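Presented below is the structure to which this report refers.
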Amino acid sequence: MNNIAAEHDYIHLGCLFEITKVLASSMDLHECLKQSLEIVARETGLYNGTVTIVNPITGQLEIEVACGLTAEARKRGKYKIGEGITGRVVALGKPIVVPQISEEPLFLNRTRSRSDADKKDLSFLCVPVKHGRYTIGALSVDRDFKGGMDFENDLQFLTIFSGLVAQTVVRIQAVNEEKDQLKNENIKLRQELTEKYNIDNIISNSSRMQEVFEMVSRVASSNATVLLRGESGTGKTLVAKAIHHNSKRAKKPFIVVNCSALPETLLESELFGHEKGAFTGANTAKKGRFELAEGGTLFLDEIGELSHSVQVKLLNVVQDRVFQRLGGIRPMRCDVRLVTATNKDLEKAVENGSFREDLYYRLNVFPIYLPPLRERRTDILLLAEYFLEKYNKENNKNIRRISTPAIDLLVQYHWPGNVRELQNCMERAVLICDEDSVKGYHLPPTLQTAESVSEGKNPLSLAIAVENFEREMIIESLKKTKGNQTKAAQLLDTSLRIINYKISKYMINPKQFRVGHA
């Protein structure tokens, strides 16, 4: 009897040595555990080895590796802690031996890997996988059933083996977490090295837009459908491009469709394509935008303008990523990231029945709201200077700055057309400006209705234009003379009395131009 025990010890010792070498030399948890269980089966007669690990997110026990099980069977092998033999071992933190599994009602056989005939001839041994005081999983094996068998040696061996498994799991998880941390730090450093407030062509330093940038960063790397909300001209197209170019699909196509620019019949053909002869004039087959965007991103602008029939067809694509060309009978699959945009109140459109509720919920997976320019006034000057530089280059001009009165007009205006209107405004100003700075009178007449002009006056009148011109000249001279009114009068070739009168009339504060004035 002692010789048999010594032989068992020798086998187990040699087996543990082989296992230790495998576990210590690998960073692939699944592969090294699989090899170890194969060694155990070959050397000890303990087979059908399975390692289950507690999923920290779901709290369930999930099979990490199992010898002889199909992928489908492994997926079925999930247990709540305390459920079945394996779940009970993890809950108690103690080993359990089932001499004959056909006699044990707690044995669930959830993987369906053992037939009723097999159960009569099998013993089942399960030990906890512990890290310190915590049980992080379980290790189980089968053994051929023999009446009156002593399982003490097997349990000792499996307990040592489970300790090695625990060390390996913790080591590889720690290394993987460190890799993830380094990867995240690398991404963060790369983001910090790019221009602080610029995602591609989006210029901003307002807190409202920083929230938008944060949401873009979070969603870009996923495949989630994005719905961009906001008024016309707030930059929804730029944000859609930023999502695409910061995603895994960046090297694939970015296709734009303006849903309001095409009639219903043409829009359907543009989106899904058509077969030859599908309608009059369809002389050849044509790919739709979904096909052209394969692997990339399809941006549907003005999504709220879709007709009901197109909404129904779009819903099928959003749900199943399957569509048919017009006149076609063959379903076509597509791998496309969908980004949509609207300036409409979709919730109201759903209420009045002009927009399908099921499509709304399919599109509203990750909504991003772009604030209007009037709610991010700190961006107005930043954007105006950006457009000034842009149109300076395009028109070979050297306008160096925007005057203070012009800045006041820009900041006070309510910008119903948002960034697009500001861009057009600055392009016009650059085209008509022949000086070294943009003045208030270079801006469109619509801006002259700001608070700087008294309500009820005609902004196009000569008197108002002269007042604005005088006010600008006085402010410019005070800036150059650092608030010195006497020198400003000399610079303008007029008297101090007239300057003081004009300063009072236009409510200008000379102190704000003095050096050191806060």
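Quickly rank 297-304, 260-267 as a protection proxy: mean count of other C-beta atoms within 10 Å, highest first.
Highest to lowest by the protection proxy: 297-304, 260-267.
When a footprinting reagent is the concern and you count Cβ atoms within 10 Å, what order do Ser140, Ser232 take, fewest first?
Ascending number of Cβ neighbours within 10 Å: Ser232, Ser140.
Taking θ as phi - 60°, what are the ³J(HN,Hα) couplings along segment 482-493 by the Karplus curve (6.51, -1.76, 1.60), each to the nearest whole Hz, with x for Gly and Pro?
Working through the residues one at a time gives 6, x, 7, 5, 5, 5, 5, 4, 5, 5, 8, 6 Hz.
Roughly how tilted is helix 152-193, in degrees to the nearest 10 and between 0 and 90, from the longest Cα axis of the chain?
For helix 152-193, the angle is close to 10 degrees.
Given a cut-off of 18 Å, name the pairs among Lys241/Lys393; Lys276/Lys313; Lys251/Lys393; Lys236/Lys287; Lys482/Lys511 whose C-alpha atoms lie farther apart than that in the structure shown.
Over 18 Å apart, Cα to Cα: Lys241/Lys393; Lys276/Lys313; Lys251/Lys393; Lys236/Lys287.
Starting from the 7 Å offset along Cα-to-Cβ, what nm value, one decimal, do you get for the label separation of Glu347 and Thr159?
Those two pseudo-labels are separated by 6.2 nm.
Hey, fewest Cβ within 10 Å first, where do Leu315, Leu306 land in order?
By the 10 Å Cβ count, ascending: Leu315, Leu306.
For segment 374-513, evaluate the Debye formula with one uniform point scatterer on each Cα (no solvent term) and list log10 I(q)/I(0) at q = 0.21 Å⁻¹, rounded to two decimals.
-1.30
Give me, ordered by chain and number, the residues 5 or more places off Val129 or on other chains with an amide H under 5 Å from its own placed amide H.
The answer is Ile136, Gly137, Ala138, Leu139.
Please determine, in degrees from 0 to 90 and to the nearest 10, the orientation of helix 2-24 with respect to the longest principal axis defined by the Cα atoms of the chain, where the helix direction is its Cα long axis.
Its long axis makes an angle of about 20 degrees.
Place a point 7 Å from Cα of Thr494 in the direction of its Cβ. Which residues in segment 386-421 have their backbone N less than 17 Å from it?
Correct set: 405.
Taking Rh as the Kirkwood radius computed over C-alpha pairs, what is the Stokes-Einstein D of segment 314-397 at 4 °C in a medium of viscosity 1.567 mPa s, expressed in µm² per second?
Rounded, D is 76 µm²/s.
Determine the percent antiparallel among the DSSP beta bridges restricted to the chain, to the nearest 5.
For the chain, the DSSP antiparallel bridge percentage is about 60.
What full-extension length gain, to one decimal in nm, is calculated for Ala174 and Ser232 as 0.36 nm per residue of separation minus the Cα-Cα distance?
Length gained between Ala174 and Ser232: 16.0 nm.
Select from Ser307, Thr70, Ser36 the residue farthest towards the positive end of the dipole of the chain; place +1 on Cβ of Lys and Arg, -1 on Cβ of Asp and Glu, and compute about the Cα centre.
Farthest along the dipole direction, towards plus: Ser307.
List Asp358, Asp180 from most exposed to least, where exposure is judged by having the fewest other Cβ atoms within 10 Å.
Asp180, Asp358
Karplus couplings for segment 256-264 from phi (6.51 cos²θ - 1.76 cosθ + 1.60, θ = phi - 60°), rounded to Hz, Gly and Pro as x?
Per-residue couplings from phi come out as 10, 10, 8, 5, 8, 8, 10, x, 4 Hz.
Among Val51, Ile498, Val317, whose Cα sits farthest toward the positive end of the charge dipole of the chain (+1 at Cβ of Lys/Arg, -1 at Cβ of Asp/Glu, about the Cα centre)?
Towards the positive end, the residue furthest out is Ile498.
State the extension gain, in nm to one decimal, for the chain segment bounded by Ala261 and Thr70, taking 0.36 nm per residue of separation less the distance between their alpha-carbons.
Result for the pair: 63.5 nm of gain on full extension.
In deg cm²/dmol, rounded to 500, what helix-only [θ] at 222 nm does the chain give when every DSSP H run of at least 4 residues adds -39500 (n - 2.57) and the total is split over its residues?
Rounded to the nearest 500, it is -14500 deg cm²/dmol.
What is the dipole size for the chain, taken about its Cα centre, with +1 at each Lys and Arg Cβ and -1 at each Asp and Glu Cβ, in debye to the nearest 20?
1420
Over the chain, calculate the relative contact order: mean separation of alpha carbon pairs under 8 Å at least 6 apart, over the residue count, as a percent.
It comes to 9 percent, rounded to a whole number.
Cα gyration tensor of segment 202-371, axes a ≥ b ≥ c as square roots of the eigenvalues: rounded (a/c below 1.5), prolate (a/b > b/c) or oblate?
prolate
Hey, with R₀ at 56 Å, roughly what FRET efficiency would Lys146 and Leu182 work out to, going by the Cβ-Cβ distance, to 0.05?
Efficiency, from the Cβ-Cβ distance: 0.60.
How do the peptides 397-404, 347-354 rank, highest first, by the average count of neighbouring beta carbon atoms within 10 Å per residue?
397-404, 347-354
With θ set to phi - 60° and the Karplus curve 6.51 cos²θ - 1.76 cosθ + 1.60, what are the ³J(HN,Hα) couplings of segment 67-81 in order, to the nearest whole Hz, using x for Gly and Pro?
6, x, 9, 6, 4, 5, 5, 4, 5, 6, x, 10, 9, 7, 5
What translational D, rounded to a whole number of µm²/s, comes out for segment 2-175 from Stokes-Einstein when the hydrodynamic radius is the Kirkwood one over Cα pairs, at 25 °C and 0.890 mPa s?
This corresponds to a translational diffusion coefficient of 151 µm²/s.
Which residues in segment 387-417 have a backbone N closer than 17 Å to a point placed 7 Å from the Cα of Gln512 along the Cα-to-Cβ line?
So the set is 402-413.
How high is the relative contact order of segment 320-437, given as a whole-number percent (alpha carbon pairs under 8 Å, six or more residues apart)?
22
Mind checking which aspartates and glutamates have their Cα closer than 16 Å to the Cα of Lys130? Skip sequence neighbours fewer than 8 apart in that chain.
Of all the aspartates and glutamates, those that pass the test against Lys130 - Cα under 16 Å, at least 8 places apart if same chain - are Glu62, Glu64.
Based on the alpha carbons, how large is the Rg to Rh ratio for the chain when Rh follows Kirkwood?
So for the chain, dividing Rg by the Kirkwood Rh gives 1.21.
Every number in this text was worked out from the coordinates using simple rules, so none of it is lab data. What you are looking at is a predicted structure, and each value in this text was computed from that prediction instead of being measured. Methodologically, a virtual Cβ is constructed for each residue, glycine included, from the backbone with ideal geometry; neighbour enumeration extends over all protein chains shown.
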